[in-house]
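Asks: The following block contains the structure, expressed as structure tokens.
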């Protein structure tokens, strides 16, 4: 039933949540396959550049507002600034098996007053792509936002032409909400931005789906998944 105010107008449901919510901090988030650590340029930059440099080409950077980086020094200069930033708040994804950093992602556009937060700057090296690490990295950050910080809405935005990013959002349980036309200029080109979200009422079912998929029993001897992620 829709609430109405004293004028008989329909209004949104009352929010029973203390606001603002806490801002995310430089925490370490540990999982079965990977660990998220606050980005530290002195500790992570050289290995991250090497992991990214293993790609066959620079296509991973096409839809990112930064990069590609031609030398370790160029990447280190960017990482120094990124590590000092509070929004976006960047995390390195560490492979628990090897201890190597293999990618980064961030929490950004942090709106504590409305309990809304976005995941962005997702750059996973070839060694992370299509692995349990990539899924778990996202699950860890979602759990931090929903379970620990108490946010109501978790967003994913991407270039509307970035089909791999759109497929990833849908696989992870995000709902497509629409496209903002000519929303930005990125690397000199017009960008339409596709918006996706997960809201707090959807999170318990999604969290359970991640738990089932990330169970080590769901993976074969070569690390292949036995059952697909059913986030919805």
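Asks: If I go through the range 41-52 residue by residue, how many of them are over 11 Å from residue 75 (Cα atoms) and surrounded by fewer than 18 Cβ atoms within 10 Å (Cβ to Cβ)?
Replies: 2
Asks: Here's another thing I want to ask about it. Kindly list the number of the only condition in (1) under 23 Å from residue 24 (Cα atoms); (2) surrounded by 16 or more Cβ atoms within 10 Å (Cβ to Cβ); (3) touching a residue at least 60 places away in the same chain (Cβ under 8 Å) that fails for residue 132.
Replies: Exception for residue 132: condition (1).
Asks: Looking at the range 187-210, is at least one residue under 17 Å from residue 35 (Cα atoms) and assigned to a helix (DSSP H, G or I)?
Replies: At the first step, the residues of the range 187-210 found to be under 17 Å from residue 35 (Cα atoms) are 210.
Still in the list and also assigned to a helix (DSSP H, G or I): 210.
Yes, the conditions are met somewhere in the range 187-210.
Asks: Okay, moving on. Restricting the search to the range 165-191, which residues are surrounded by fewer than 14 Cβ atoms within 10 Å (Cβ to Cβ) and more than 14 Å from the chain's Cα centre (by Cα)? If you could, list the steps in order and put the result at the bottom.
Replies: Initial filter on the range 165-191 (surrounded by fewer than 14 Cβ atoms within 10 Å (Cβ to Cβ)): 167, 176-179, 181-182, 184-185, 187-190.
Answer for the range 165-191, where residues must be surrounded by fewer than 14 Cβ atoms within 10 Å (Cβ to Cβ) and more than 14 Å from the chain's Cα centre (by Cα): 176, 177, 178, 179, 181, 182, 184, 185, 187, 188, 189, 190.
Asks: Filter the range 213-222 down to residues that are touching a residue at least 60 places away in the same chain (Cβ under 8 Å) and surrounded by 10 or more Cβ atoms within 10 Å (Cβ to Cβ) and give me whichever is farthest from residue 137 (Cα to Cα). Steps first, answer last, please.
Replies: Of the residues in the range 213-222, the ones touching a residue at least 60 places away in the same chain (Cβ under 8 Å) are 213-214, 216, 219.
Right, trim to surrounded by 10 or more Cβ atoms within 10 Å (Cβ to Cβ) and you get 213-214, 219.
Details: 213: 13, 214: 11, 219: 17 Å.
In this case the residue turns out to be 219.
Asks: Do you know which of the residues in the range 192-205 that are in contact (Cβ under 8 Å) with a residue 40 or more places away in the chain and within 23 Å of residue 130 (Cα to Cα) is surrounded by the fewest Cβ atoms within 10 Å (Cβ to Cβ)? Don't jump to the end; show me each part of the working.
Replies: We begin by selecting, within the range 192-205, every residue in contact (Cβ under 8 Å) with a residue 40 or more places away in the chain; these are 195-200, 203.
From the residues that got through so far, the ones that are within 23 Å of residue 130 (Cα to Cα) too are 195-198, 203.
Values: 195: 19, 196: 23, 197: 17, 198: 23, 203: 19.
Checking each candidate, the answer is 197.
Asks: Would you pick out the residues in the range 105-128 that are over 11 Å from the mean Cα position of the chain (by Cα) and either part of a loop (DSSP other than H, G, I, E, B) or under 16 Å from residue 45 (Cβ atoms) (or both)? Give the steps one after another, and end with the answer.
Replies: Narrowing the range 105-128 to residues over 11 Å from the mean Cα position of the chain (by Cα): 109-116, 125-128.
112, 113, 114, 115, 125, 126, 127, 128 - these are the residues of the range 105-128 that are over 11 Å from the mean Cα position of the chain (by Cα) and either part of a loop (DSSP other than H, G, I, E, B) or under 16 Å from residue 45 (Cβ atoms) (or both).
Asks: Report yes if residue 147 is touching a residue at least 40 places away in the same chain (Cβ under 8 Å), exposed (fewer than 14 other Cβ atoms within 10 Å of the Cβ) and not in a loop (DSSP other than H, G, I, E, B), otherwise no. Before you say what the answer is, go through the steps one by one.
Replies: Values: touching a residue at least 40 places away in the same chain (Cβ under 8 Å): yes; exposed (fewer than 14 other Cβ atoms within 10 Å of the Cβ): yes; not in a loop (DSSP other than H, G, I, E, B): yes.
When the stated conditions are applied, residue 147 passes them.
Asks: Scan the range 63-75 for residues that are part of a helix (DSSP H, G or I) and buried (at least 18 other Cβ atoms within 10 Å of the Cβ) and report the count. First the steps, then the outcome.
Replies: If we filter the range 63-75 for residues that are part of a helix (DSSP H, G or I), which is where we start, we get 72-75.
Now drop any that are not buried (at least 18 other Cβ atoms within 10 Å of the Cβ), which leaves 75.
Number of matching residues: 1.
Asks: Follow-up. Could you tell me whether any residue of the range 132-142 is touching a helix residue (DSSP H, G or I) at 6+ places or on another chain (Cβ under 7 Å) and part of a strand (DSSP E or B)?
Replies: no
This table checks each residue for (1) over 23 Å from residue 148 (Cβ atoms); (2) touching a strand residue (DSSP E or B) at 6+ places or on another chain (Cβ under 9 Å); (3) at pLDDT below 95.
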| position | (1), (2), (3) |
| --- | --- |
| 61 | yes, yes, no |
| 90 | no, yes, no |
| 94 | no, yes, no |
| 112 | no, no, no |
| 121 | no, yes, no |
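Asks: Restrict the check to the range 77-90 and report whether at least one residue is part of a strand (DSSP E or B) and either in contact with a helix residue (DSSP H, G or I) (Cβ under 8 Å, 6 or more places away or on another chain) or touching a residue at least 12 places away in the same chain (Cβ under 8 Å) (or both). Full working, then the answer.
Replies: The first filter runs over the range 77-90 and keeps only residues part of a strand (DSSP E or B), leaving 89-90.
Remaining after also requiring either in contact with a helix residue (DSSP H, G or I) (Cβ under 8 Å, 6 or more places away or on another chain) or touching a residue at least 12 places away in the same chain (Cβ under 8 Å) (or both): 89-90.
Yes, the conditions are met somewhere in the range 77-90.
Asks: Oh, and also: How about the range 26-60: which of its residues are in contact (Cβ under 8 Å) with a residue 12 or more places away in the chain, part of a loop (DSSP other than H, G, I, E, B) and under 24 Å from residue 84 (Cα atoms)?
Replies: Across the range 26-60, the qualifying residues are 26, 27, 39, 40.
The values are calculated or read from the model by the stated rules, or taken from the named source; none is laboratory data. On a predicted model such as this, the values are computed, not experimentally measured, just so you know. When we count neighbours, we look across all protein chains shown, and the Cβ atoms used for this are built from the backbone with ideal geometry, even at glycine.
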